[in-house]
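These notes are about the structure you will find just below.
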Amino acid sequence: MKNIIIATLFLLMTPFMKADNQRTKVDALLDGLHQDAHEANFETYFARYSSDAVFLGTDKTERWTIKEFKDYAKPAFADGHGWTYSVVERNWEGEGSTRWFDEILFNEKLGHCRGTGVVEKKNGEWKIAHYALTMLVPNAIAREVGAQTKEADKL
């Protein structure tokens with residue numbers, strides 16, 4: 001009887017264990033992305049993206065294919081600095097071979113930012129298919145920042 005109970009519990013827990021294993025893998029993908037950016041590891045940073053990935057930066061003009069993003073990032077990584085964003089929190093949604101996330105990040109220059117994106121499992125490996133980085137503007141200063149944005153757009 002004891003063996004039946006243990007076997008039943010194992011069968012009931014298996015889907016959660018698999019889901020937790022996938023969560024660990026996709027967390028490691030993003031944690032590695034941020035570490036590679038911090039250490040300016042160009043090759044490993046970009047190996048985390050799918051070949052058809054899109055990256056959206058904080059400026060309205062920054063919608064890049066992965067090749068365009070590499071061209072943008074190459075000088076920053078070449079001087080050994082890259083960029084540093086520390087993860088404050090991360091949330092995951094989805095099941096199967098496509099997941100999406102949002103994360104709050106902190107950067108010394110930009111303050112708190114939000115990264116959002118989609119990861120896909122391709123050929124047994126998780127890859128970032130879409131990443132968007134946005135600056136978080138507190139409501140208390142949103143009107144002022146909005147006015148500054150409109151002025152900058154005129155330039």
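None of the figures in this text is laboratory data; all of them are computed from the coordinates on show. The shown structure was predicted, so the numbers you read here are calculated from the model rather than taken from an experiment. Virtual Cβ from ideal backbone geometry, glycine too; neighbours counted across all protein chains shown.
Please find, within region 81-112, the residue that is nearest to ASN21 (Cα to Cα) out of those that are basic (Lys, Arg) and surrounded by 12 or more Cβ atoms within 10 Å (Cβ to Cβ). Looking at the filtered set, the residue picked out is ARG99. Just to verify a result, which residue in region 73-95, among those that are without any contact (Cβ under 8 Å) to a residue 12 or more places away in the chain and touching a strand residue (DSSP E or B) at 6+ places or on another chain (Cβ under 8 Å), is nearest to THR58 (Cα to Cα)? So, considering only residues that are without any contact (Cβ under 8 Å) to a residue 12 or more places away in the chain and touching a strand residue (DSSP E or B) at 6+ places or on another chain (Cβ under 8 Å), the one nearest to THR58 (Cα to Cα) is GLU93. From the list PHE46, PHE69, the lone residue that is in contact with a strand residue (DSSP E or B) (Cβ under 6 Å, 6 or more places away or on another chain), surrounded by 13 or more Cβ atoms within 10 Å (Cβ to Cβ) and not in a strand (DSSP E or B) is PHE69. Restricting to region 120-137, count the residues that are among the small types (Gly, Ala, Ser), within 16 Å of THR65 (Cβ to Cβ) and surrounded by fewer than 18 Cβ atoms within 10 Å (Cβ to Cβ). Count: 1. Selection within region 23-36: residues that are free of Cβ contacts under 8 Å to residues at least 24 places away in the same chain and under 14 Å from LYS121 (Cβ atoms). The member of this set that is farthest from the chain's Cα centre (by Cα) is THR24.
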